[in-house]
Amino acid sequence: MTAAPMALKDLDHVLDIERASFPTPWTRAAFCYEVEQNKVARCTVMRAESGVVGYLCFWEIGHEIHVTNLAVHPEWRRRGVARRLLAAALAEGVARVLLGLTSRKARGTPRALALYESLGFQVIGRRNGYYFDTGEDALVMEARLGGDAASAVAGNQSASP
């Protein structure tokens, strides 16, 4: 598997994964905006021989990275794809000396929560009824970058699925 910046040519695969992952998926226009126009957005895809198997979008705002979207094709889940994508974002934050990474995560299964926690995230708050389509709460999670986080990210990034 290899990571690469998301391109418009990836969107058919990305949208298939998005629709399989969320009850209210992002639209093609939303991804186009993130890729082409949003100056704070960074979107990455993970590719295998079969094509795009996962993606991550985040915003780099000031001294923070805010995860906006992360999904993995159902057939590729539990193989380390999300971990590699998040570890790459964390490593990018460490390389740029950013202070923290936040993620609003609620649709999370216990596995998703465990993934974030294994990368150093801690729950710092809850946003009640955050997701308008389901009424689910969002957990606000944060990982402090620098110091021990840098070595943890390096270790996670090189881990095999």
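Where does the charge balance sit around residue 8 when Lys and Arg score +1, Asp and Glu -1, over other residues with C-beta under 14 Å from its C-beta? Don't skip to the end; give the middle numbers.
Values: positive: 9, 28; negative: 10, 12, 34, 36.
The answer is -2.
Measuring r between the beta carbons of residue 131 and residue 50 and using R0 = 41 Å, the FRET efficiency lands at 0.85.
Neighbours of residue 44 by Cβ distance under 12 Å: Lys/Arg scored +1, Asp/Glu scored -1, total 0.
Only the coordinates and a few stated rules stand behind these numbers; no lab work does. Just so it is clear, the model here is predicted, and its values are computed rather than measured. Methodologically, a virtual Cβ is constructed for each residue, glycine included, from the backbone with ideal geometry; neighbour enumeration extends over all protein chains shown.
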